[in-house]
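Only one structure is covered here, and it is reproduced in the block below.
The values are calculated or read from the model by the stated rules, or taken from the named source; none is laboratory data. Predicted model only: the values in this text are computed from it and were never measured. Every residue, glycine as well, gets a Cβ built from its backbone with ideal geometry; the counts of neighbours run over all protein chains shown. Keep in mind that these areas ignore ligands, DNA and RNA; they rest on the heavy atoms of the full protein, side chains included. Shrake-Rupley method; radii C 1.70, N 1.55, O 1.52, S 1.80 Å.
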Amino acid sequence: MEISGDGAGNRVARLAGGRDQVGRARRLVSAALGRGHPRHDDCVLLTSEIATNAVVHSRSGHGGTFTLTVSCLPDRVRIGVRDDGSAGPPCAGHPLPNASSQGGRGMPLLDLLSDRWGLVREGGRNEVWFEIWFDGGRRPAALRRRWMSTRIRLVAG
């Protein structure tokens, strides 16, 4: 594991692509934010989800690595996970979870708890990122895009 700064005040960690490293990613985010951060638990949970996706659904989980970046900005936190790539873009073609599913809730959680998130696919590699604004900057729930309804339109359309 390598942990460094990037000159812009971001914490950057390069982690092995094993499932055991997801816990390390959570601890790194927790340490970077501090337990007193108003959105600490949301950031740690969502980091766990996107790091797990990198390990399970990309080449990172087959002997590769993933990179975690934590940016603490004045009005928000931005966290990203960049993996070693996959045959297709993440988030595509994954069925919605049902009550008995063991997984599949990561992207709906990302949509529900983050204020903004996205995917950058470049050179076959994927970076999934999210932003969580401090409580004063949160948008009303009615203005949020709902991943699940978007996903249903994609599946049906």
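Couple of notes before you dig in:
- Sorting Cys43, Cys72 on solvent-accessible area from highest to lowest, probe radius 1.4 Å, gives Cys72, Cys43.
- Considering all C-alpha pairs of segment 29-86, those separated by over 18 Å amount to 36%.
- A 1.4 Å probe over all protein chains sorts His62, His37 by accessible area into His62, His37, starting with the largest.
- At an R0 of 25 angstrom, the distance between the Cβ atoms of Arg121 and His62 translates into a FRET efficiency of 0.85.
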